[in-house]
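Notes follow the structure.
The values are calculated or read from the model by the stated rules, or taken from the named source; none is laboratory data. Not measured: the values here are computed from a predicted model. Cβ atoms come from the backbone with ideal geometry, glycine included; neighbour counts cover every protein chain shown. Areas reflect the complete protein model, heavy atoms only, side chains present, ligands, DNA and RNA absent. Shrake-Rupley method; radii C 1.70, N 1.55, O 1.52, S 1.80 Å.
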Amino acid sequence: MPNERLRAVMEAGGWTHAALAEATGVDPKSVERWVDLGRTPRRATALEAAEALGEDVHALWPELRQARAARAVSPELVALYGQRADLPVSVFVDLLSQARKRIDVLVYAAVFLHQAYPRLNDLLRERAGDGCTVRIAVGDADDPNVRQRGREEKFGHGIESRCRLALLHYRPLADVPGIELRTHGTTLYNSLYRADDQMLVNAHVWGVNAYGAPVWHLRRHGDGGMFDTCAGSFDAVWESARPVES
């Protein structure tokens with residue numbers, strides 16, 4: 001099977017077989033076999049190639065994971081953080097900045113993004129201006145599910161006010177071509193931040209605010225994996241969400 005991920009990364013960076021071969025000290029035919037036949041290079045060579053391409057070696061060749069880990073860990077899992085507070089906002093910003101085709105954001109509020117990075121709306125406008133489809137779904141402050149989440153987190157009306165604040169932050173984007181803004185009242189099990197084939201998944205734990213709950217960094221690897229499961233969840237919520245007028 002061809003290594004489509006490697007092919008895409010090379011094309012995005014303007015890498016030829018010959019250029020990557022020179023960077024890793026192998027024959028161009030070897031690189032061609034990596035791409036077209038799905039051959040896996042030796043670990044040391046793979047690490048050199050991944051460093052040259054600016055990619056995670058396991059994203060390019062998941063089979064290079066240690067055998068024991070490969071049986072237990074999905075190749076789509078790039079990183080696991082114990083709580084969202086462990087991630088600097090730059091991780092979210094860098095992820096969204098890399099998007100070329102699609103940005104999807106599903107949250108109740110996530111006002112920490114605008115508070116820590118006031119240029120978030122400008123970034124989203126820039127991505128949309130470059131042809132990226134942007135879909136943002138925030139919580140409906142008047143929905144019973146949102147209010148229930150507030151009671152579970154013991155924040156009283158805090159979650160409702162944060163949903164209203166989030167809507168105020170995003171509302172200026174409602175009339176921007178390429179950007180859609182909606183509100184939803186679903187029971188939110190995970191907050192999702194998608195940029196093309198990467199996604200940050202902030203789990204929700206009963207009684208715990210989102211900043212104290214784990215975050216998975218996923219990178220899509222074929223059909224039907226964890227990434228597609230989460231992406232499908234976003235699409236289902238989006239269909240039931242209500243558009244916000246400018």
Point to revise | Cα gyration tensor, the range 150-212 - rounded (a/c under 1.5), prolate or oblate | key: oblate
Check your understanding: How high is the relative contact order of the chain, given as a whole-number percent (alpha carbon pairs under 8 Å, six or more residues apart)?
Key -> 20 percent
Practice item. Give the peptides 202-208, 158-164 in descending order of average Cβ contacts within 10 Å, highest first. Key: 158-164, 202-208
Exercise for review: At 7 Å along the Cα-to-beta-carbon direction for both E239 and A85, put a label point, then send me their distance in nm to one decimal.
Suggested key: 3.8 nm
Check your understanding: With labels modelled as points extended 7 Å from the Cα through the Cβ direction, what inter-label distance (nm, one decimal) is found for E22 paired with S97?
Key -> 2.9 nm
Practice item. Return one number: the angle in degrees, 0 to 90 and rounded to the nearest 10, between the long axis of the Cα atoms of helix 120-129 and the longest principal axis of the Cα atoms of the chain. Key: 60 degrees
Revision key, fill the gap. Given the candidates N209, L188, P177, the one whose Cα lies deepest towards the positive end of the charge dipole of the range 160-213, counting +1 at each Lys or Arg C-beta and -1 at each Asp or Glu C-beta, is N209
Check your understanding: Can you list residues whose amide H is under 5 Å from Y108's amide H, if they're 5+ apart or on another chain and H is modeled 1.01 Å from N?
Key -> G139
Check your understanding: K29 accessible area, nearest 10 Å², 1.4 Å probe?
Key -> 120 Å²
Check your understanding: Extension gain R39-A8, at 0.36 nm per residue separation less the Cα-Cα distance, in nm?
Key -> 9.6 nm
Point to revise | Filtered chymotrypsin sites (Phe, Trp or Tyr not before Pro), the range 104-166: DSSP coil and at most 16 other beta carbons within 10 Å | key: F155
